[in-house]
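Heads up, the thing below is written out as structure tokens.
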Amino acid sequence: MSEEDRRVTISWEDPRRLAEAGREMSGFEFLQKIVSGELPRPPLASLMDFQIVELEEGRAVFAVHPAEYHYNPIGVVHGGLAATLLDSAMGCAVHSMLPSGSGYTTLELKVNFIRAMTAETGRVRAEGKLIHLGGRTATAEGRVIDESGKLYAHATTTCLILRQ
């Protein structure tokens, strides 16, 4: 691989526009518009090059192809990629069930790393599923797997529900 192949350029749209749009519709409608491209991806998704590939009420799946630019100093993909995918998938599983004008933030995230990822791992998917949605908090669980179903990480989260 040449040094020119080891260059990444990203661009993103104003995240305030995305946040403002999100306040005007249900969580599911908002996420559907991101999936369809009617609304832009959040800047973090552009930076790390992941996207929502499946969406249902109470379930969200993100995918990424781990690459060298995700590596840590010991030559494997940084655990932060799996943690970010899981936080995003589980958070969106929660968000997909929220009414217009509501949001969430992560209160707690517990990740178990099972095995390392590399650029040779191929595409991985992080699936988040809602476990409980209450008035003030929600919980969800998630798994990162490769195309053959091999598990790389699993997690749980607790989210604080933000209501206007």
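No value in this document is a laboratory result; all are computed from the given coordinates. Note that the coordinates shown come from a computational prediction; the quantities given were computed from them, not determined experimentally. Glycine gets a Cβ as well: all are built from the backbone with ideal geometry, and neighbour counts include every protein chain shown.
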Which of the aspartates and glutamates could a cross-linker span from Lys150 if the Cα-Cα distance has to be under 16 Å and same-chain partners fewer than 8 positions apart are dropped?
Glu120, Glu127
Assuming 0.36 nm per residue, please report the length gained on full extension of the stretch Glu29 to Gln164 beyond their Cα-Cα distance.
46.8 nm
For the chain, set up a GNM with springs between Cα atoms under 10 Å and report which of Glu127, Glu108, Glu141 has the largest fluctuation.
Glu108
Tabulate in residue order the Karplus-calculated ³J(HN,Hα) for the stretch 82-90, using 6.51 cos²θ - 1.76 cosθ + 1.60 with θ = phi - 60°, rounded to whole Hz; enter x for Gly and Pro.
4, 4, 5, 4, 5, 4, 5, 5, 5
Calculated FRET efficiency, Glu20 and Leu47, Cβ-Cβ r, R0 22 Å, to nearest 0.05?
0.60
Charge tally in the Cβ shell below 14 Å around Thr156, where Lys, Arg are +1 and Asp, Glu are -1, Thr156 excluded
-1
Amide H contacts under 5 Å for Ser96, placed H, 5+ residues apart
Gly58
Amide H partners (placed H, <5 Å) of Gln51, local residues excluded
Ala63
Residue by residue through the stretch 14-29, the couplings from Karplus 6.51 cos²θ - 1.76 cosθ + 1.60 with θ = phi - 60°, in Hz, x for Gly and Pro, are 4, x, 5, 4, 5, 4, 5, 4, x, 6, 9, 8, 5, x, 5, 4
How large is ³J(HN,Hα), in whole Hz, for each residue of the stretch 115-123 in order, when computed from phi with the Karplus curve 6.51 cos²θ - 1.76 cosθ + 1.60 and θ = phi - 60°, using x for Gly and Pro?
8, 6, 10, 9, 5, 7, 4, x, 4
So for the stretch 13-162, using the alpha carbon gyration tensor with a ≥ b ≥ c as root eigenvalues (a/c under 1.5 gives rounded; past that, a/b versus b/c decides prolate or oblate), I'd call it prolate
Towards the positive end of the charge dipole of the stretch 36-160, with charges on Cβ (+1 Lys, Arg; -1 Asp, Glu), say which of Ser36, Gly135, Tyr104 has the farthest Cα.
Gly135
Label point 7 Å out from Tyr71 along Cα-to-Cβ: which residues of the stretch 116-135 have amide N under 18 Å?
116-123
Please check: in the Gaussian network model of the chain (C-alpha springs, under 10 Å), which one of Gly27, Gly80, Gly142 has the largest mean-square fluctuation.
Gly80
